[in-house]
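Here is the structure we will look at.
The values are calculated or read from the model by the stated rules, or taken from the named source; none is laboratory data. On a predicted model such as this, the values are computed, not experimentally measured, just so you know. FYI the Cβ positions are ideal-geometry reconstructions off the backbone, even for glycines, and counts take in every protein chain you see.
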Ligand code: NI
(Lines give C-alpha, C1' and ligand atoms only; values in the text may rest on other atoms or scores of the structure.)
Protein backbone atom coordinates (compact mmCIF):
# COMPACT_ATOMS: atom_id res chain seq x y z
CA UNK A 1 0.00 0.00 0.00
CA UNK A 2 1.21 3.46 -0.86
CA UNK A 3 2.63 5.30 2.17
CA UNK A 4 0.83 8.54 1.47
CA UNK A 5 -2.51 6.79 1.07
CA UNK A 6 -1.99 4.74 4.20
CA UNK A 7 -1.10 7.80 6.27
CA UNK A 8 -3.91 9.92 4.82
CA UNK A 9 -6.30 7.29 6.10
CA UNK A 10 -4.92 7.87 9.58
CA UNK A 11 -4.89 11.67 9.51
CA UNK A 12 -7.76 12.24 11.93
CA UNK A 13 -6.47 9.71 14.47
CA UNK A 14 -2.94 11.06 14.24
CA UNK A 15 -4.07 14.62 14.90
CA UNK A 16 -6.14 13.40 17.85
CA UNK A 17 -3.13 11.49 19.18
CA UNK A 18 -0.84 14.51 18.83
CA UNK A 19 -3.32 16.72 20.64
CA UNK A 20 -3.74 14.18 23.40
CA UNK A 21 0.03 14.20 23.96
CA UNK A 22 -0.10 18.00 23.89
CA UNK A 23 -2.81 18.13 26.53
CA UNK A 24 -0.84 15.79 28.83
CA UNK A 25 2.74 17.01 28.86
CA UNK A 26 5.31 15.34 31.11
CA UNK A 27 8.72 16.61 32.17
CA UNK A 28 12.12 14.97 31.80
CA UNK A 29 12.23 11.32 32.96
CA UNK A 30 8.61 11.57 34.09
CA UNK A 31 7.15 10.63 30.69
CA UNK A 32 5.26 7.64 32.14
CA UNK A 33 1.89 8.24 30.52
CA UNK A 34 3.49 9.16 27.21
CA UNK A 35 5.80 6.12 27.24
CA UNK A 36 2.89 3.85 28.12
CA UNK A 37 0.84 5.15 25.21
CA UNK A 38 3.76 4.87 22.83
CA UNK A 39 4.44 1.28 23.93
CA UNK A 40 0.75 0.35 23.74
CA UNK A 41 0.41 1.83 20.25
CA UNK A 42 3.49 0.00 18.97
CA UNK A 43 2.26 -3.25 20.50
CA UNK A 44 -1.15 -2.77 18.88
CA UNK A 45 0.65 -2.62 15.52
CA UNK A 46 2.38 -5.92 16.26
CA UNK A 47 5.74 -4.23 16.79
CA UNK A 48 8.23 -5.65 19.32
CA UNK A 49 8.52 -3.17 22.21
CA UNK A 50 11.17 -2.58 24.88
CA UNK A 51 10.48 -0.14 27.71
CA UNK A 52 12.37 1.43 30.60
CA UNK A 53 15.53 2.19 28.64
CA UNK A 54 17.40 5.13 30.15
CA UNK A 55 14.47 5.71 32.49
CA UNK A 56 11.28 6.15 30.50
CA UNK A 57 12.72 5.47 27.04
CA UNK A 58 10.94 3.10 24.65
CA UNK A 59 12.34 1.22 21.66
CA UNK A 60 10.24 -0.43 18.96
CA UNK A 61 11.85 -2.99 16.66
CA UNK A 62 10.60 -3.60 13.12
CA UNK A 63 12.46 -6.13 11.04
CA UNK A 64 12.12 -6.33 7.33
CA UNK A 65 13.53 -9.67 6.42
CA UNK A 66 16.80 -11.45 7.10
CA UNK A 67 20.14 -9.72 7.07
CA UNK A 68 20.59 -6.16 6.04
CA UNK A 69 21.74 -3.28 8.18
CA UNK A 70 19.97 -1.55 11.04
CA UNK A 71 19.18 2.09 11.62
CA UNK A 72 17.64 4.10 14.45
CA UNK A 73 14.96 6.76 14.03
CA UNK A 74 14.60 8.95 17.08
CA UNK A 75 11.80 11.06 18.55
CA UNK A 76 11.85 12.90 21.88
CA UNK A 77 8.88 12.76 24.28
CA UNK A 78 9.40 15.33 27.05
CA UNK A 79 7.80 18.72 27.71
CA UNK A 80 9.01 21.97 29.28
CA UNK A 81 8.42 23.75 32.60
CA UNK A 82 6.24 26.44 31.05
CA UNK A 83 2.63 27.36 31.78
CA UNK A 84 0.76 27.28 28.48
CA UNK A 85 -1.04 30.44 27.42
CA UNK A 86 -2.96 29.03 24.47
CA UNK A 87 -6.74 28.77 24.82
CA UNK A 88 -7.54 25.99 22.35
CA UNK A 89 -9.20 22.81 23.62
CA UNK A 90 -6.04 20.69 23.51
CA UNK A 91 -4.03 23.09 25.70
CA UNK A 92 -2.04 21.62 28.56
CA UNK A 93 -4.09 20.23 31.45
CA UNK A 94 -1.14 20.86 33.77
CA UNK A 95 -0.01 24.31 34.89
CA UNK A 96 3.75 24.59 34.70
CA UNK A 97 4.09 21.89 32.03
CA UNK A 98 3.83 22.39 28.31
CA UNK A 99 4.77 20.81 25.01
CA UNK A 100 6.36 24.05 23.87
CA UNK A 101 9.01 22.40 21.70
CA UNK A 102 6.80 20.10 19.63
CA UNK A 103 7.98 16.79 21.04
CA UNK A 104 4.31 15.78 21.03
CA UNK A 105 4.47 16.11 17.25
CA UNK A 106 7.81 14.30 16.99
CA UNK A 107 6.45 11.34 18.98
CA UNK A 108 3.30 11.20 16.83
CA UNK A 109 5.21 11.37 13.54
CA UNK A 110 7.41 8.45 14.52
CA UNK A 111 4.39 6.41 15.63
CA UNK A 112 2.74 7.16 12.30
CA UNK A 113 5.87 6.07 10.44
CA UNK A 114 6.01 2.92 12.58
CA UNK A 115 2.63 1.84 11.28
CA UNK A 116 3.53 2.43 7.63
CA UNK A 117 6.87 0.65 8.01
CA UNK A 118 5.26 -2.30 9.77
CA UNK A 119 2.43 -2.63 7.26
CA UNK A 120 4.60 -2.23 4.17
CA UNK A 121 7.75 -4.10 5.34
CA UNK A 122 9.33 -2.71 2.25
CA UNK A 123 12.90 -2.75 3.50
CA UNK A 124 15.60 -5.28 4.33
CA UNK A 125 17.18 -5.08 7.77
CA UNK A 126 15.98 -3.57 11.01
CA UNK A 127 14.49 -0.24 12.00
CA UNK A 128 14.76 0.73 15.65
CA UNK A 129 12.23 3.34 16.71
CA UNK A 130 13.81 5.28 19.56
CA UNK A 131 11.45 7.26 21.80
CA UNK A 132 13.72 9.07 24.18
CA UNK A 133 12.99 10.88 27.42
CA UNK A 134 14.40 14.14 28.70
CA UNK A 135 15.76 15.96 25.67
CA UNK A 136 15.27 19.31 27.40
CA UNK A 137 18.47 19.78 29.37
CA UNK A 138 18.56 16.43 31.15
CA UNK A 139 20.33 14.35 28.50
CA UNK A 140 17.86 11.52 27.91
CA UNK A 141 19.84 10.46 24.83
CA UNK A 142 22.94 9.99 26.97
CA UNK A 143 20.88 8.10 29.56
CA UNK A 144 19.64 5.66 26.90
CA UNK A 145 23.15 5.14 25.54
CA UNK A 146 24.54 4.56 29.04
CA UNK A 147 21.74 2.06 29.58
CA UNK A 148 23.07 0.01 26.68
CA UNK A 149 20.82 1.19 23.85
CA UNK A 150 23.45 0.72 21.16
CA UNK A 151 24.60 -2.67 22.48
CA UNK A 152 21.10 -4.07 22.78
CA UNK A 153 20.00 -2.59 19.47
CA UNK A 154 23.12 -2.43 17.29
CA UNK A 155 22.63 0.07 14.50
CA UNK A 156 24.80 1.41 11.70
CA UNK A 157 23.28 4.88 11.60
CA UNK A 158 20.86 7.07 13.52
CA UNK A 159 18.56 9.86 12.41
CA UNK A 160 16.66 12.68 14.11
CA UNK A 161 14.14 15.36 13.19
CA UNK A 162 12.90 18.53 14.88
CA UNK A 163 10.16 20.93 13.86
CA UNK A 164 11.37 24.43 13.10
CA UNK A 165 9.20 27.56 13.38
CA UNK A 166 10.31 30.18 10.88
CA UNK A 167 10.86 27.56 8.19
CA UNK A 168 7.90 27.20 5.81
CA UNK A 169 5.48 24.49 6.92
CA UNK A 170 6.40 21.14 5.44
CA UNK A 171 9.78 22.27 4.09
CA UNK A 172 13.02 20.67 5.24
CA UNK A 173 16.36 22.16 6.22
CA UNK A 174 19.29 19.77 6.00
CA UNK A 175 22.71 20.89 7.23
CA UNK A 176 25.94 19.45 5.89
CA UNK A 177 27.92 19.59 9.11
CA UNK A 178 27.01 21.61 12.23
CA UNK A 179 23.29 22.02 12.97
CA UNK A 180 23.28 23.08 16.60
CA UNK A 181 25.89 24.24 19.08
CA UNK A 182 27.21 22.83 22.33
CA UNK A 183 25.67 24.11 25.56
CA UNK A 184 28.36 24.48 28.23
CA UNK A 185 27.83 26.11 31.61
CA UNK A 186 30.06 28.14 33.88
CA UNK A 187 29.95 29.24 37.50
CA UNK A 188 32.22 31.95 38.83
CA UNK A 189 32.55 33.01 42.43
CA UNK A 190 34.38 36.28 43.03
CA UNK A 191 35.61 36.44 46.62
CA UNK A 192 36.34 39.82 48.10
CA UNK A 193 36.20 41.20 51.61
CA UNK A 194 32.96 42.54 53.07
CA UNK A 195 32.76 46.09 54.38
CA UNK A 196 30.42 48.92 55.36
CA UNK A 197 28.85 50.42 52.24
CA UNK A 198 30.10 53.82 53.37
CA UNK A 199 33.65 52.61 53.94
CA UNK A 200 34.58 50.77 50.74
CA UNK A 201 38.29 51.36 51.25
CA UNK A 202 38.17 48.90 54.17
CA UNK A 203 37.03 45.99 51.98
CA UNK A 204 37.53 44.36 48.60
CA UNK A 205 34.39 44.80 46.51
CA UNK A 206 33.41 41.63 44.59
CA UNK A 207 30.55 43.48 42.87
CA UNK A 208 32.93 45.85 41.14
CA UNK A 209 35.33 43.05 40.22
CA UNK A 210 32.38 40.96 38.98
CA UNK A 211 31.07 43.83 36.85
CA UNK A 212 34.52 44.23 35.27
CA UNK A 213 34.61 40.50 34.68
CA UNK A 214 31.24 40.54 32.85
CA UNK A 215 32.70 43.09 30.45
CA UNK A 216 36.01 41.28 30.10
CA UNK A 217 34.22 38.04 29.21
CA UNK A 218 32.79 39.74 26.14
CA UNK A 219 36.31 39.79 24.73
CA UNK A 220 36.30 36.00 24.47
CA UNK A 221 34.02 36.06 21.44
CA UNK A 222 35.34 39.29 19.98
CA UNK A 223 39.08 38.88 20.48
CA UNK A 224 40.12 35.29 21.02
CA UNK A 225 38.14 33.26 18.51
CA UNK A 226 38.38 33.45 14.72
CA UNK A 227 35.56 35.77 13.58
CA UNK A 228 34.49 33.09 11.10
CA UNK A 229 33.77 30.71 13.97
CA UNK A 230 30.45 31.34 15.71
CA UNK A 231 30.39 31.38 19.50
CA UNK A 232 28.30 32.90 22.28
CA UNK A 233 29.42 33.70 25.82
CA UNK A 234 26.48 34.94 27.89
CA UNK A 235 26.60 35.85 31.57
CA UNK A 236 23.00 35.15 32.55
CA UNK A 237 23.10 35.43 36.34
CA UNK A 238 24.81 37.84 38.75
CA UNK A 239 24.02 37.41 42.43
CA UNK A 240 25.55 39.49 45.20
CA UNK A 241 24.66 41.21 48.44
CA UNK A 242 21.52 41.57 50.52
CA UNK A 243 21.63 45.06 52.02
CA UNK A 244 21.81 48.70 50.91
CA UNK A 245 24.71 49.53 53.17
CA UNK A 246 26.87 46.43 53.03
CA UNK A 247 29.54 45.55 50.50
CA UNK A 248 29.19 41.77 50.27
CA UNK A 249 32.13 39.43 50.50
CA UNK A 250 31.29 37.44 47.39
CA UNK A 251 29.53 37.60 44.03
CA UNK A 252 28.24 34.73 41.92
CA UNK A 253 28.22 34.82 38.11
CA UNK A 254 26.78 32.08 35.92
CA UNK A 255 26.12 31.65 32.25
CA UNK A 256 26.32 29.65 29.07
CA UNK A 257 28.80 29.09 26.25
CA UNK A 258 27.75 27.99 22.76
CA UNK A 259 30.15 26.85 20.03
CA UNK A 260 30.32 24.35 17.20
CA UNK A 261 33.81 22.91 17.58
CA UNK A 262 35.52 21.11 20.49
CA UNK A 263 38.80 23.00 19.89
CA UNK A 264 36.90 26.22 20.44
CA UNK A 265 35.29 24.96 23.63
CA UNK A 266 38.79 24.26 24.96
CA UNK A 267 40.07 27.67 23.95
CA UNK A 268 37.06 29.43 25.48
CA UNK A 269 37.43 27.59 28.76
CA UNK A 270 41.14 28.43 29.02
CA UNK A 271 40.57 32.06 28.12
CA UNK A 272 37.78 32.45 30.64
CA UNK A 273 39.96 30.92 33.32
CA UNK A 274 42.71 33.43 32.54
CA UNK A 275 40.34 36.41 32.51
CA UNK A 276 38.78 35.39 35.82
CA UNK A 277 42.14 35.10 37.52
CA UNK A 278 43.49 38.29 35.97
CA UNK A 279 40.49 40.52 36.57
CA UNK A 280 39.98 39.31 40.13
CA UNK A 281 43.66 39.87 40.89
CA UNK A 282 43.50 43.37 39.45
CA UNK A 283 40.84 44.23 42.03
CA UNK A 284 42.54 42.40 44.89
CA UNK A 285 39.85 39.70 44.91
CA UNK A 286 40.18 35.98 44.41
CA UNK A 287 38.07 33.79 42.19
CA UNK A 288 36.76 30.27 41.75
CA UNK A 289 35.93 29.29 38.18
CA UNK A 290 34.08 26.16 37.12
CA UNK A 291 33.36 25.18 33.51
CA UNK A 292 31.10 22.25 32.74
CA UNK A 293 30.55 20.63 29.37
CA UNK A 294 26.89 20.20 28.50
CA UNK A 295 25.37 18.86 25.30
CA UNK A 296 28.03 18.50 22.61
CA UNK A 297 27.55 20.25 19.26
CA UNK A 298 25.18 18.44 16.88
CA UNK A 299 27.18 17.72 13.74
CA UNK A 300 25.65 15.89 10.79
CA UNK A 301 27.62 13.26 8.94
CA UNK A 302 28.09 14.48 5.35
CA UNK A 303 26.90 11.39 3.54
CA UNK A 304 23.99 10.90 5.94
CA UNK A 305 23.00 14.53 5.35
CA UNK A 306 23.16 13.99 1.59
CA UNK A 307 20.90 10.95 1.94
CA UNK A 308 18.42 12.89 4.10
CA UNK A 309 18.36 15.76 1.61
CA UNK A 310 17.57 13.45 -1.28
CA UNK A 311 14.91 11.64 0.74
CA UNK A 312 13.34 14.99 1.72
CA UNK A 313 13.37 15.97 -1.97
CA UNK A 314 11.54 12.76 -2.83
CA UNK A 315 8.89 13.66 -0.25
CA UNK A 316 8.35 17.39 -0.83
CA UNK A 317 10.26 18.26 -4.02
CA UNK A 318 13.56 20.10 -4.34
CA UNK A 319 12.02 23.55 -3.84
CA UNK A 320 10.99 22.43 -0.35
CA UNK A 321 14.48 21.40 0.76
CA UNK A 322 16.91 24.01 2.07
CA UNK A 323 20.58 23.16 2.14
CA UNK A 324 21.90 26.60 3.14
CA UNK A 325 19.67 27.22 6.14
CA UNK A 326 21.53 28.79 9.05
CA UNK A 327 22.45 26.53 11.96
CA UNK A 328 21.26 27.46 15.45
CA UNK A 329 23.23 28.34 18.58
CA UNK A 330 20.66 26.33 20.51
CA UNK A 331 21.60 22.80 21.56
CA UNK A 332 20.14 19.33 21.17
CA UNK A 333 20.99 16.08 22.89
CA UNK A 334 20.70 14.14 19.65
CA UNK A 335 24.38 15.15 19.56
CA UNK A 336 25.12 12.20 21.87
CA UNK A 337 23.79 9.75 19.28
CA UNK A 338 25.85 11.43 16.56
CA UNK A 339 28.99 11.03 18.65
CA UNK A 340 28.38 7.26 18.64
CA UNK A 341 27.03 6.63 15.15
CA UNK A 342 26.96 8.49 11.83
CA UNK A 343 23.65 10.08 11.05
CA UNK A 344 21.84 13.35 10.51
CA UNK A 345 19.32 15.56 12.26
CA UNK A 346 16.99 17.57 10.04
CA UNK A 347 14.51 20.38 10.61
CA UNK A 348 10.93 20.20 9.41
CA UNK A 349 9.28 23.58 8.89
CA UNK A 350 6.51 24.38 11.38
CA UNK A 351 5.46 27.53 9.50
CA UNK A 352 5.91 31.19 10.43
CA UNK A 353 6.61 31.83 14.10
CA UNK A 354 3.75 34.31 14.37
CA UNK A 355 1.77 35.07 17.52
CA UNK A 356 4.45 33.52 19.68
CA UNK A 357 4.44 30.21 17.84
CA UNK A 358 8.17 29.83 18.43
CA UNK A 359 10.04 27.14 20.33
CA UNK A 360 9.80 27.38 24.14
CA UNK A 361 7.15 30.12 23.93
CA UNK A 362 3.90 29.77 25.98
CA UNK A 363 1.93 30.37 22.74
CA UNK A 364 3.68 27.68 20.72
CA UNK A 365 1.87 24.75 19.12
CA UNK A 366 3.06 21.98 16.81
CA UNK A 367 1.62 22.36 13.32
CA UNK A 368 -0.61 19.33 12.63
CA UNK A 369 -0.41 20.08 8.90
CA UNK A 370 3.14 18.70 8.83
CA UNK A 371 2.48 15.46 10.72
CA UNK A 372 2.08 13.35 7.60
CA UNK A 373 5.01 15.01 5.83
CA UNK A 374 7.31 14.13 8.72
CA UNK A 375 5.99 10.58 8.87
CA UNK A 376 6.44 10.11 5.13
CA UNK A 377 10.01 11.37 5.43
CA UNK A 378 10.76 8.73 8.11
CA UNK A 379 9.27 5.93 6.03
CA UNK A 380 11.07 6.99 2.87
CA UNK A 381 14.34 7.40 4.76
CA UNK A 382 14.18 3.89 6.21
CA UNK A 383 13.15 2.33 2.90
CA UNK A 384 15.92 4.18 1.05
CA UNK A 385 18.67 3.50 3.58
CA UNK A 386 17.67 -0.18 3.87
CA UNK A 387 16.56 -1.05 0.34
CA UNK A 388 14.43 -4.17 0.04
CA UNK A 389 16.06 -5.26 -3.19
CA UNK A 390 19.66 -5.13 -1.99
CA UNK A 391 21.13 -8.63 -2.52
NI1 LIG B 1 12.92 20.29 21.16
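Could you list, in sequence order, all residues of segment 3-22 that are crowded, with 17+ Cβ neighbours inside 10 Å and in a helix (DSSP H, G or I)?
3, 6, 7, 14, 17, 18, 19, 21, 22
Restricting the search to segment 184-221, which residues are in a helix (DSSP H, G or I), touching a residue at least 40 places away in the same chain (Cβ under 8 Å) and touching a strand residue (DSSP E or B) at 6+ places or on another chain (Cβ under 8 Å)?
Within segment 184-221, 200, 206, 207, 209, 210, 213, 217, 220 meet the criteria.
Considering 123, 131, which residue is part of a strand (DSSP E or B), crowded, with 23+ Cβ neighbours inside 10 Å and in contact with a helix residue (DSSP H, G or I) (Cβ under 6 Å, 6 or more places away or on another chain)?
131
Out of 321, 379, which single residue is in contact with a strand residue (DSSP E or B) (Cβ under 8 Å, 6 or more places away or on another chain), assigned by TED's automatic domain parsing to the domain that holds residue 93, in contact (Cβ under 8 Å) with a residue 24 or more places away in the chain and farther than 30 Å from residue 271 by Cα?
Answer to the selection: 321.
Could you tell me which residue of segment 134-147 is farthest from residue 360 (Cα to Cα), considering only residues that are assigned to a loop (DSSP other than H, G, I, E, B) and either without any contact (Cβ under 8 Å) to a residue 60 or more places away in the chain or within 14 Å of the ligand (Cβ to nearest atom) (or both)?
Only one residue tops the list, namely 139.
Specify which of the listed residues (237, 265, 252) is touching a residue at least 12 places away in the same chain (Cβ under 8 Å) and not in a strand (DSSP E or B).
265
From the list 129, 117, 150, 208, pick out the single residue that is more than 16 Å from the ligand (Cβ to nearest atom), closer than 30 Å to residue 242 by Cβ and either in the same structural domain as residue 336 (by TED's automatic domain parsing) or at pLDDT 95 or above (or both).
208
Filter segment 167-178 for residues that are buried (at least 22 other Cβ atoms within 10 Å of the Cβ) and either in a loop (DSSP other than H, G, I, E, B) or within 15 Å of the chain's Cα centre (by Cα) (or both) and give the result.
The answer is 171, 174, 175.
Name the residues in segment 160-181 that are more than 16 Å from the ligand (Cβ to nearest atom) and either in contact with a strand residue (DSSP E or B) (Cβ under 7 Å, 6 or more places away or on another chain) or not assigned by TED's automatic domain parsing to the domain that holds residue 339 (or both), would you?
Matches in segment 160-181: 168, 169, 170, 171, 172, 174, 177, 178.
Report whether or not residue 94 is part of a loop (DSSP other than H, G, I, E, B) and farther than 18 Å from residue 371 by Cβ.
Against the criterion (part of a loop (DSSP other than H, G, I, E, B) and farther than 18 Å from residue 371 by Cβ), residue 94 qualifies.
Those residues that are under 21 Å from the mean Cα position of the chain (by Cα) and not in a helix (DSSP H, G or I), I need them from segment 292-320; list them, please.
If the condition is that a residue be under 21 Å from the mean Cα position of the chain (by Cα) and not in a helix (DSSP H, G or I), then 292, 293, 294, 295, 296, 297, 298, 299, 300, 301 are the ones that fit.
Take the conditions touching a strand residue (DSSP E or B) at 6+ places or on another chain (Cβ under 7 Å) and part of a helix (DSSP H, G or I) and apply them to residue 270. Does it pass?
Against the criterion (touching a strand residue (DSSP E or B) at 6+ places or on another chain (Cβ under 7 Å) and part of a helix (DSSP H, G or I)), residue 270 does not qualify.
Out of (1) farther than 30 Å from residue 151 by Cα; (2) more than 21 Å from the chain's Cα centre (by Cα); (3) buried (at least 19 other Cβ atoms within 10 Å of the Cβ), what's the single condition that is false for residue 385?
(1)
Does any residue of segment 98-113 turn out to be surrounded by fewer than 18 Cβ atoms within 10 Å (Cβ to Cβ), out of contact with any strand residue (DSSP E or B) (no Cβ under 6 Å at 6 or more places or on another chain), modelled with pLDDT of 95 or more and part of a loop (DSSP other than H, G, I, E, B)?
Looking through segment 98-113, none of the residues is surrounded by fewer than 18 Cβ atoms within 10 Å (Cβ to Cβ), out of contact with any strand residue (DSSP E or B) (no Cβ under 6 Å at 6 or more places or on another chain), modelled with pLDDT of 95 or more and part of a loop (DSSP other than H, G, I, E, B).
Scan (1) part of a helix (DSSP H, G or I); (2) touching a helix residue (DSSP H, G or I) at 6+ places or on another chain (Cβ under 6 Å) for the single condition residue 344 breaks and write down its number.
(1)
For residue 287, which of the numbered conditions (1) exposed (fewer than 13 other Cβ atoms within 10 Å of the Cβ); (2) farther than 30 Å from residue 386 by Cα fails to hold?
Every listed condition holds for residue 287 apart from (1).
Hey, any hits in segment 158-166 for a residue that's surrounded by 22 or more Cβ atoms within 10 Å (Cβ to Cβ), outside any strand (DSSP E or B) and modelled with pLDDT of 95 or more?
no
For segment 64-90, how many residues meet the condition of being more than 21 Å from the chain's Cα centre (by Cα), farther than 28 Å from residue 45 by Cβ and surrounded by fewer than 18 Cβ atoms within 10 Å (Cβ to Cβ)?
Total meeting the criteria: 3.
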